[in-house]
Amino acid sequence: MKESAIQRVNLCPECGACPEVVVEAAKAEVAIGEAGNLVKLNREAWNTLVEKIQTGELKKI
């Protein structure tokens, strides 16, 4: 991903009104949620989350 790229992933692509994940490499942050219910992760926190998913520490519920 380019440094200036913004990647958006809607967590429910069928309706478009559900929370989304917005990765902004230039700002080194990731926003997860929707208006009024939003969390922002810095690069370190996001990378830790991805690592825990990839290693299997976090699994589907």
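The values are calculated or read from the model by the stated rules, or taken from the named source; none is laboratory data. Since we're looking at a predicted model, the values are computed, not measured. Counting neighbours? That spans all protein chains shown, and the Cβs are built from the backbone with ideal geometry, glycine included.
Observations
- Filtered residues of the stretch 4-31 (kept if under 15 Å from TRP46 (Cβ atoms) and of a type in the set (Gly, Ala, Ser)): ALA5, ALA25, ALA26, ALA28, ALA31
- Look at the stretch 7-31: where a residue is without any contact (Cβ under 8 Å) to a residue 60 or more places away in the chain and part of a loop (DSSP other than H, G, I, E, B) and a partner is surrounded by 11 or more Cβ atoms within 10 Å (Cβ to Cβ) and of a type in the set (A, V, I, L, M), sitting 6+ places away or on another chain with Cβ atoms under 6 Å, you get CYS18/LEU11; PRO19/LEU11.
- Of all residue pairs spaced 6 or more apart or on separate chains, those with beta-carbon atoms under 6 Å, a first member in the stretch 32-47 that is aromatic (Phe, Trp, Tyr) and a second member that is at pLDDT 95 or above and not in a loop (DSSP other than H, G, I, E, B) are TRP46/VAL30.
- For the stretch 50-60, the criterion of a residue being of a type outside the set (Val, Ile, Thr) and within 10 Å of the chain's Cα centre (by Cα) is satisfied by no position.
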